[in-house]
1. So how strong a dipole does the chain carry about its Cα centre when Lys and Arg Cβ are +1 and Asp and Glu Cβ are -1, to the nearest 20 debye?
2. Distance check, please: which entries in LYS66/LYS133; LYS77/LYS132; LYS165/LYS213; LYS165/LYS199; LYS66/LYS165; LYS165/LYS202 exceed 20 angstrom between their Cα atoms?
3. If amide hydrogens are placed 1.01 Å from N in the peptide plane, which non-local residues have theirs closer than 5 Å to the one on SER17?
4. Which log10 I(q)/I(0) values does the chain give at q = 0.16 Å⁻¹ under the Debye formula, counting every alpha carbon as one identical point scatterer?
5. Given only helices, namely DSSP H runs of n ≥ 4 each adding -39500 (n - 2.57), what is the per-residue ellipticity at 222 nm of the chain, to the nearest 500 deg cm²/dmol?
6. Put a dot 7 Å past each Cα toward the Cβ at ASP84 and LYS132; how far apart are the dots in nm?
7. Name the most mobile residue of ALA188, ALA116, ALA167, meaning the one with the largest mean-square fluctuation, in a Gaussian network model of the chain with Cα contacts below 10 Å.
8. Return the percentage of antiparallel bridges among DSSP beta bridges fully within the chain, rounded to the nearest 5 %.
Amino acid sequence: MATLRLGDTAPDFTQDSSVGPIHFHQWAGDSWVVLFSHPADFTPVCTTELGRTAALSGEFARRGVKPIALSVDPVDKHQQWIGDINETQNTTVDFPILADADRTVSELYDLIHPNASATATVRSVFFIDPNKKVRATLTYPASTGRNFDELLRVIDSLQLTDSHKVATPADWTDGDDVVILPSLQDPAEIAQRFPKGHKAVKPYLRLTPQPNK
Ligand code: BEZ
């Protein structure tokens, strides 16, 4: 499989998981999905990442997002590891962990980067929309745990910019001012879409209060 690019359809698959076999597109249904991979079970950084995801369960649900993790270990190891995660991170893992022991999903999603490790999957994240399109990706090495607030921030940006003619600037978080798309030039439409007004710092840099707040 060639590298997945933004706008590509997220490959469908059937794979075993900690909650039984997952038929991916069917499982995703009409939800957004955050699919994220891990190097291995019983590793320290991954343990904290999965605990953090479980702790943010309500935040993912509020945004209509289903998280799904992947590790290349089998289901019985996942079950033991989930016990450790729940114990040490004081959480309840309530999302599936794909048991990708045969590397089906790892190959489809290009999760093994041989010049980093011949066998371990990297820490990738795929943000997949309800049309099953890949909308954003992140890839980190095994040694760097991800920032799960950033995953929520990316979802917030994707969902906001899907429904309003805006983009989100550097370090934006939900509720901050946003920028009006440069393609939007009609003054009447700008006034209608952004009734709270806007500030033109430069003709191409126009800030406006977040329109859905
Ligand atoms: C970890 O998840 O803690 C980890 C995995 C592989 C290498 C280093 C850290």
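Read-outs throughout are calculated quantities, based only on the coordinates presented, and are distinct from any laboratory measurement. As the structure is a prediction and not an experimental result, all values here were calculated from the model. Glycine gets a Cβ as well: all are built from the backbone with ideal geometry, and neighbour counts include every protein chain shown.
1. Dipole size: approximately 960 debye.
2. Violating the 20 Å limit, Cα to Cα: LYS77/LYS132; LYS66/LYS165.
3. Distant-sequence amide H within range of SER17: ILE22, ALA99.
4. Debye intensities relative to I(0), on a log10 scale: -1.03.
5. Numbers: 7 runs with 66 residues, N = 213.
So the helix-based figure for the chain works out to -9000 deg cm²/dmol.
6. 3.5
7. Taking springs between Cα atoms under 10 Å, the residue moving most is ALA188.
8. Given both bridge residues lie in the chain, the antiparallel proportion sits at roughly 70 percent.
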